[in-house]
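The values are calculated or read from the model by the stated rules, or taken from the named source; none is laboratory data. All values reported here derive from a predicted model rather than from experimental measurement. Here the Cβ positions follow ideal geometry from the backbone for every residue, glycine too, while neighbour counts run over all protein chains shown.
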């Protein structure tokens, strides 16, 4: 089962696991989330091969939570390219995502 770990804003957010459907995906690469406003890589989703080696990185645009963005929720990873196949996340990751989403929508009220 493909797996890896998440680092966001220099904080380790635990491991994740994916269903077998993701294993067949040829683009199950590691991700680096780049903020175009400040130039920082603010998060990494490190995907591991079965032998434990890191899969190559794909750099994606994703605004960090220090900046505003009309097209996304800044700092949220679950609104980027995570899919239903990513089905096991750590408590730390879920808590962080929940807080970011709640804060985002509370500001809109």
Only one of 90, 72 that is surrounded by 15 or more Cβ atoms within 10 Å (Cβ to Cβ) and modelled with pLDDT under 90: 90
Filtered residues of region 30-59 (kept if crowded, with 16+ Cβ neighbours inside 10 Å and in a loop (DSSP other than H, G, I, E, B)): 35, 55
Given (1) modelled with pLDDT of 90 or more; (2) closer than 28 Å to residue 67 by Cβ, number of the condition residue 48 does not satisfy: (2)
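Matching residues to (1) modelled with pLDDT under 90; (2) outside any strand (DSSP E or B):
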site	(1), (2)
17	yes, no
27	yes, yes
63	no, yes
82	yes, yes
103	no, yes
106	yes, yes
Single unsatisfied condition, residue 22 versus (1) surrounded by 14 or more Cβ atoms within 10 Å (Cβ to Cβ); (2) assigned to a helix (DSSP H, G or I); (3) modelled with pLDDT of 80 or more: (3)
